[in-house]
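**Student:** My questions all concern the structure below.
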Amino acid sequence: MTIKEIISAFESGSRANRENIFRQGNLIQLKGSGEVIMTGDLHGHQRNFEKLVRYAKLDQNPQRHLILHELLHNTSSGQSECHSYLLVAQAAELKARFPNQVHYILGNHGMSQVARDEVLKNGQPMVRALHSGMSTKFAEKAGLVIQALDDFLLSLPLAVLTENRIWMSHSLPSERNLGNFDDEIFRRELTLNDMKTDSSLHALTWDRSHSEECLNRLRQRWDVDIFIVGHQPQAEGKRLCHERMMILASDHNHGCFLPFDLVKQYQPDELFALVKPLAMIM
């Protein structure tokens, strides 16, 4: 992609994010019949992203929704540059093409990118690696791409909620942050202040180690039955926690995804049984 195409993708994706007909505040609320394809973190995994797009066949299935998150930041140990912004640009293009079927939600790496709050992956500082990759590619025009990426990330919703009481977000606030968690972040426009490490957004995207009590309190608070998240690495691509929270990973050869119906009522074990390996997609 050329610099013009990348910036255009981020700009059109930002508009599509804000104009999504299912968006209410920073929540995507899916109602009626249809199907959802929920993914885990992708972290620049081009092949698995392409597999998901092929499987979704959004042009042939107008009532199908593809949920994406955490496409940013991927580098092997020893590499000093990251070019995962190219995958984010492809996702932004897909969003613009299918504005009410693709829902890209904010994760902790996206938040760190906007805040310039360094985050490590494979021992590498990823914000620096991404900026280094952009500087190598675009030289003095790298700042234009960084600004367009920031604007796109700031336009992202935070979670998806379905009528059959399933909640999808990058992570969830843990018990230690639940008492101070401000639900208003789901209803108002995000600002740079929300990117600070002591914010409710930080808890939503960064927290781990969720107790059964914490999940039960969130279920009652948000009136949902099941949570599906990413964020926590999963060697086998999936895990069911406390019979209420599913963790998916889509960023490696054992990565998984979850297709499910928007109308059917699921028990957690029934839904977990529907998780599929990305390796099945040719």
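**Student:** Within segment 103-162, can you find the residues that are within 23 Å of SER8 (Cβ to Cβ) and of a type in the set (Val, Ile, Thr)?
**Tutor:** ILE105, VAL114, THR136, VAL145, ILE146, listed by residue number.
**Student:** Name the single residue, out of those in segment 187-240 being within 16 Å of the chain's Cα centre (by Cα), of a type in the set (Gly, Ala, Ser) and more than 16 Å from ALA115 (Cα to Cα), that is surrounded by the fewest Cβ atoms within 10 Å (Cβ to Cβ).
**Tutor:** Out of the qualifying residues, it is GLY237.
**Student:** So ILE3 ticks every box in (1) under 24 Å from LEU240 (Cα atoms); (2) surrounded by fewer than 23 Cβ atoms within 10 Å (Cβ to Cβ); (3) hydrophobic (A, V, I, L, M, F, W, C) but one. Which box is left unticked?
**Tutor:** (1)
**Student:** Please determine whether any residue of segment 51-68 is touching a strand residue (DSSP E or B) at 6+ places or on another chain (Cβ under 9 Å) and more than 23 Å from MET282 (Cβ to Cβ).
**Tutor:** Yes: segment 51-68 contains one or more residues that are touching a strand residue (DSSP E or B) at 6+ places or on another chain (Cβ under 9 Å) and more than 23 Å from MET282 (Cβ to Cβ).
**Student:** Taking helices (runs of 4 or more DSSP H) that do not extend beyond segment 190-282, which have at least 1 residues that are without any contact (Cβ under 8 Å) to a residue 40 or more places away in the chain and of a type in the set (Gly, Ala, Ser)?
**Tutor:** Ranges flagged: 200-206.
**Student:** Could you tell me which numbered condition ASP59 fails, if it satisfies all but one of (1) under 25 Å from VAL275 (Cα atoms); (2) touching an Asp or Glu at 6+ places or on another chain (Cβ under 9 Å); (3) assigned to a loop (DSSP other than H, G, I, E, B)?
**Tutor:** Of the numbered conditions (1) under 25 Å from VAL275 (Cα atoms); (2) touching an Asp or Glu at 6+ places or on another chain (Cβ under 9 Å); (3) assigned to a loop (DSSP other than H, G, I, E, B), the odd one out for ASP59 is (2).
**Student:** From the set of residues in segment 190-214 that are more than 16 Å from ILE105 (Cβ to Cβ) and of a type in the set (Asp, Glu), which is modelled with the lowest pLDDT?
**Tutor:** ASP198
**Student:** Here is a further query. Would you mind telling me which numbered condition in (1) surrounded by fewer than 21 Cβ atoms within 10 Å (Cβ to Cβ); (2) under 23 Å from ASP261 (Cβ atoms); (3) of a type outside the set (S, T, N, Q) ARG15 fails?
**Tutor:** (2)
**Student:** State whether one or more residues within segment 81-101 are among the charged types (D, E, K, R), in contact with a helix residue (DSSP H, G or I) (Cβ under 8 Å, 6 or more places away or on another chain) and farther than 18 Å from MET1 by Cα.
**Tutor:** No, every residue in segment 81-101 fails to be among the charged types (D, E, K, R), in contact with a helix residue (DSSP H, G or I) (Cβ under 8 Å, 6 or more places away or on another chain) and farther than 18 Å from MET1 by Cα.
The values are calculated or read from the model by the stated rules, or taken from the named source; none is laboratory data. None of these values were measured; they are calculated from a predicted model. Cβ atoms come from the backbone with ideal geometry, glycine included; neighbour counts cover every protein chain shown.
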